[in-house]
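The values are calculated or read from the model by the stated rules, or taken from the named source; none is laboratory data. As the structure is a prediction and not an experimental result, all values here were calculated from the model. All Cβ positions, even for glycine, are placed from backbone atoms using ideal geometry, and neighbour counts span all protein chains on display.
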Amino acid sequence: MGYIALYRKYRPNKFEDVVGQSHITRTLKNQIENDNVAHAYLFCGTRGTGKTSTAKIFARAVNCLNPIDNNPCNECEVCLGILNESIMDVIEIDAASNNGVDDVREIRENVKYPPTKGKYKVYIVDEVHMLSTGAFNALLKTLEEPPSYVIFILATTEPHKIPATILSRCQRFDLKRIKEGDISDTMESICNNMNIHVDRQALELIARNSDGALRDALSILDQCVSINENNITYDNVIDILGTVNDSYLLDLVDNIQNENTKECMKLIENLVDSGKDIHQFIKDLITHYRNLMMSKISDDLEGIINLSKENVERLCNQSESLPMNSISRSINLLSKLSADAKWASQPRVLLELTIIKLSSPEVDNSVEGLLDRIESLERRIKLGQINVVSNPSPMEEVKEEAKGELKEEIKEEVKEEMKPSTVVSRGDRFNSIKKGWNDILKVIKKKKISLHAVLIEGNLVGFKNNKLVISFGDAFSFHKEMAAQGAGFIQSVMEEMYGKKIGLDFVMESDIKNLSVKKEDEPETPQNVEGEVEKIKEKFGDFNLEIV
């Protein structure tokens, strides 16, 4: 006989062999012992949790000639006949391919005939939710009042698709997802039986990726055996799964936390170049942030996090530097990414965009992103990376605020009285903007590269009517119009950098050739400023006035 897959070769033969479903197998054994067997059962659960295996064991147990502790002996004529499929007292039907009314009618005709060897005639209907509405209706009467020697066992992964009329006629058993520890122990036992040396860490990685399905875990183990028959390592499993090791995840999260976006992009590039599966990586990264969350809220991580002792220590150290809000924000962004990436033609781009948001909170305008920025500032203040000026007393604050308001009012009054008609440079303010113009352009380039492309053709001229004037050559009228359309965005960038809103005016060079532009170090107030000051004093009272 050819090679038999591990999940078939090591299929459970008695109730105790069914992994992680003792709450169900114990009930079924008690029913057999008390001769209280029902006529219809419904086994529900995700793939690979033992629905069909439990059904087959139960079918043999109720028919066994020499049961052992309510388990099938697997040696008598009936048990061997069922195992070899030479006895037709146990009929297994795939509802996915036999889902029509005629298929169910055939079952209704066959239930009239009693079993040939055993005590019961057992029908195992797998994926029963695939039956059509007509087929369910045809099955209903037979399921409600079957002959005394007939047992129906319906198995499904989607019980919500089964009509209530069918559900109400069955005893329902929900099989749980199998615990990762139980899956690892089962695989270790199989490897020992096959004289295969395997790293425990490798088995735990397989168990994590099986999503509670023992059959999936055994299929992965089968592939690993093909790579290296006598020795299965952690790296073998990583190669099979297309996943990444724990050290990679720790390094990536460190760079995200340090806002080192450039290094994060290098790590993503290495991930793609090594042929790793992006969807699998997203799941791994979500799991890593989940582990960080668990390490922050629990001191006893045994059974909660399946990592080596060394990596658990590194995980705990990393979680200490991460606020809970940052972890929560990361999980939310990555969960959205996982859903979007399923249907995306370019999942790598979505991954890179999400990593940029995680490592650069300033580009994330969500509430979580804003909180992340605040917490980042608080951390920097505590570390002494930001100089904080001590706050004045409440009375001093009131005085300074009143003085500031009065000065602003006086400035507005002076401007209203003087109203300059020529383009002038506002001294230090203009010099400051001119020196920082390249920095402003860099910020704009990161956020709106098209606006940056037109703005670099402009020249800073000066201030007119409290607006910064930017001129364009006669050949760049299009650039001037595009810059004017993006004025609001440019103002927001400048306001963020200078803490004050600055008006903008875009003109052509030919429009300002005849205008007189004063030198930057010349005062912008006219010659009669003293007279104007006297007018201000008459209006607001006599005090020291400084024009800035």
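Points to keep in mind about this one:
- Boolean, VAL253 is surrounded by 20 or more Cβ atoms within 10 Å (Cβ to Cβ), assigned to a loop (DSSP other than H, G, I, E, B) and on the phi < 0 side of the Ramachandran plot: no
- Under the condition of being within 21 Å of the chain's Cα centre (by Cα), at pLDDT below 85 and surrounded by fewer than 17 Cβ atoms within 10 Å (Cβ to Cβ), the residues counted in region 281-312 number 3.
- The lone exception for LEU358 - which of (1) surrounded by 17 or more Cβ atoms within 10 Å (Cβ to Cβ); (2) at pLDDT below 85; (3) part of a helix (DSSP H, G or I) it fails: (2)
- Near pairs, Cβ below 6 angstrom, 6+ apart or cross-chain, from region 31-60 (without any contact (Cβ under 8 Å) to a residue 24 or more places away in the chain) to any residue that is part of a loop (DSSP other than H, G, I, E, B): GLN31/VAL37
- Condition met for THR142 (loosely packed, with under 14 Cβ neighbours inside 10 Å, among the β-branched types (Val, Ile, Thr) and in contact (Cβ under 8 Å) with a residue 24 or more places away in the chain): no
- The one condition in (1) over 37 Å from the mean Cα position of the chain (by Cα); (2) surrounded by 22 or more Cβ atoms within 10 Å (Cβ to Cβ); (3) among the polar types (S, T, N, Q) that THR54 fails to fulfil: (1)
- Residue match in region 56-75 (condition: farther than 30 Å from LYS141 by Cβ and of a type in the set (Lys, Arg)): no
- Wholly within region 112-178, strands (runs of 3 or more DSSP E) carrying at least 3 residues that are closer than 18 Å to ASN99 by Cβ: 121-126, 150-156
- Single residue of MET88, MET187 found to be closer than 28 Å to ARG26 by Cβ and either assigned to a loop (DSSP other than H, G, I, E, B) or not assigned by TED's automatic domain parsing to the domain that holds PHE58 (or both): MET187
- Spans of helices (runs of 4 or more DSSP H) in region 465-538 with at least 1 residues at pLDDT 75 or above, assigned by TED's automatic domain parsing to the domain that holds ALA453 and within 47 Å of the chain's Cα centre (by Cα): 477-485, 487-498
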